[in-house]
Amino acid sequence: MNNLIIKQYYGDYGEIETGAASTTSAETGWPLWEVFIRSKQGLDHKHAGSLHAADAQMAIENARDVYTRRMEGVSIWVVESKHITASNPDEAGELYEPAIDKVYRHPTFYDLPDEVGHM
Amino acid sequence: MQIQDFEKIFQGKIDTEIKIEPKDWMPDAYRKTNVRQISQHAHSEVVGMLPEGNWISRAPSLKRKAILLAKVQDEAGHGLYLYSAAETLGVSRDEMIEQLLTGKAKYSSIFNYPTLTWADMGAVGWLVDGAAILNQVMLCRTSYGPYARAMVRICKEESFHQRQGFEILLVLSKGTPEQKAMCQDAINRWWWPSLMMFGPKDTESTNSDQSMKWKIKRKTNDELRQQFVDMVVGQIKVLGMTLPDADLKWNEERNHYDFGEIDWNEFWAVVKGNGPCNKERLDARNKAHAEGAWVREAAMAYAEKKSKKLERKVA
Ligand SMILES: [Fe+2]
Ligand SMILES: [Fe+2]
């Protein structure tokens with residue numbers, strides 16, 4: 001499979017030696033944080049990206065520097081990535097399927113005479 | 001389910017333009033290709049700060065200094081977005097940084113050329129960022145979700161880079177004879193390396209187009225390069241300057257500009273580490289990393305001390 005992808009595209013400068021690199025994460029140990037930004041008063045905070053920082057204060061400051069340099073935000077949330085639990089895409093079937101056969105939850109399910117007007 | 005079934009579902013998503021997200025099943029080679037490409041892209045943004053950083057202290061005015069500073073800061077941000085995108089694939093930040101610092105990982109060869117005059121700031125913004133933008137606009141639609149989202153963010157910031165570069169050259173092109181000559185000289189030196197940014201010719205490779213099939217890429221090197229040439233030929237007329245290529249001419253049949261042959265020996269020499277600044281760039285990154293070590297450690301020590309204090313208070 002690997003020999004299929006040797007073709008050098010723009011931005012892909014060929015194989016690098018992976019695996020050999022010993023991770024040096026012990027060196028700094030700055031944890032990873034997820035950044036959520038409210039772009040405008042009245043809107044939800046939305047996931048903007050992630051960054052490394054020593055603590056929450058620094059995460060907020062770094063987030064301001066990288067994600068809001070052009071007034072993209074009025075409020076920032078940060079949370080350490082390890083505290084986020086994500087649903088498993090393999091279980092998406094069981095998780096979301098029960099909703100499919102409940103069409104009566106949608107307004108379009110109900111056939112009302114035109115005289116009723118907009119409802 | 002068999003592995004073939006997983007692969008079928010995966011390719012089905014790609015074919016119907018459904019993005020692949022970090023927790024989705026993906027072939028190992030897809031993961032590996034993305035890790036390599038995204039991390040190399042991140043390294044390029046980071047090393048790309050060096051040739052321009054070279055002129056921050058010598059920018060001709062406070063306005064130009066502020067602009068250049070803002071541009072270089074953007075590139076640092078681009079590096080961060082991309083490292084974060086690569087991290088979602090399971091590679092650690094420190095591992096990527098180590099690959100860059102030890103020379104195991106590659107980055108765009110364009111940054112191994114020196115920036116000799118102020119006009120180079122113009123040529124780099126216009127041509128180098130201009131070439132990068134064409135690749136990045138395409139990558140906004142790449143199949144891996146986090147990479148595509150990083151690209152959308154980056155593209156929003158890039159157009160300022162190209163415009164400020166062109167404006168630098170525009171001002172020089174209306175200046176004294178010396179300034180005009182400086183402008184033309186910078187274009188002459190950056191033109192061919194910019195064309196090389198798009199990589200080897202499509203015919204160079206006999207390998208299968210796996211990256212296309214996976215929609216990591218949507219255009220070939222030659223397609224992007226042609227797009228770049230056609231774009232620049234139009235713009236250089238505004239500057240009243242010329243491109244250093246005698247073979248450049250409009251081809252009625254192809255509806256594109258023809259252009260001369262790239263010096264592929266130079267291309268491969270720089271890729272293999274023998275460009276004018278390969279060593280200087282790596283040395284600069286290593287120096288910065290080493291000299292910043294105490295800051296990283298101190299910040300961590302401070303954070304730990306603070307959290308211990310907090311624990312004691314709670315207890
Ligand atoms: Fe950039
Ligand atoms: Fe840029």
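Throughout, read-outs are computed from the coordinates displayed, never taken from laboratory work. Just so you know, these numbers come straight off a predicted model, no measurement behind them.
Can you compute the helix-only [θ] at 222 nm over the protein assembly as shown? Use -39500 (n - 2.57) per DSSP H run of at least 4 residues, normalise by all residues, nearest 500 deg cm²/dmol. Please list the in-between numbers first.
Values: 17 runs with 224 residues, N = 434.
-16500 deg cm²/dmol, from helical runs alone.
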Computed ³J(HN,Hα) along segment A:30-43: with the Karplus parameters 6.51/-1.76/1.60, θ = phi - 60°, integer Hz and x for glycine or proline, the list is 5, x, 8, 10, 9, 10, 10, 10, 8, 6, 8, 3, x, 9
Listed residues B:Lys19, B:Lys63, B:Lys305; largest mean-square fluctuation, Gaussian network over chain B with Cα springs below 10 Å, found at B:Lys305
Comparing B:Asn274, B:Asn265, B:Asn112 in a Gaussian network model of chain B (Cα, 10 Å), the one with the largest mean-square fluctuation is B:Asn265
Distance in Å, no decimals, from the C-alpha centre of segment A:50-78 to the one of segment B:95-169 is 23 Å
From the Cα centre of segment B:264-282 to that of segment B:170-190, the distance in Å is 26 Å
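What Kirkwood Rh does segment B:15-121 have if only Cα atoms enter the pairwise 1/r average? Answer in Å. It would help to have the intermediate numbers written out before the result.
Working: mean 1/r = 0.0645 Å⁻¹.
So the Kirkwood estimate lands at 15.5 Å.
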Long-range amide H partners of A:Gly49, meaning residues 5 or more apart or on another chain whose placed amide H is closer than 5 Å, are A:Val35
Residue by residue through segment B:214-229, the couplings from Karplus 6.51 cos²θ - 1.76 cosθ + 1.60 with θ = phi - 60°, in Hz, x for Gly and Pro, are 8, 6, 5, 10, 10, 9, 7, 3, 5, 4, 5, 4, 4, 4, 5, 4
Compactness summary of chain B: radius of gyration and Dmax from Cα atoms, Å, are 21.8, 80
Expressed as a whole-number percentage, the relative contact order of segment B:93-154 with C-alpha contacts under 8 angstrom and at least six residues apart is 17 percent
HN-Hα couplings for segment B:3-19 via Karplus (6.51, -1.76, 1.60; θ = phi - 60°), in whole Hz with x for Gly/Pro, come out as 4, 4, 5, 4, 5, 5, 4, 4, 5, x, 4, 4, 5, 9, 6, 8, 5
Note to self: C-alpha centroids of segment B:1-56 and segment A:79-117 sit apart, in Å, by 30 Å
Given backbone amide H placed at 1.01 Å from N, residues whose amide H is under 5 Å from that of B:Lys215, ignoring those fewer than 5 places away on the same chain, are none
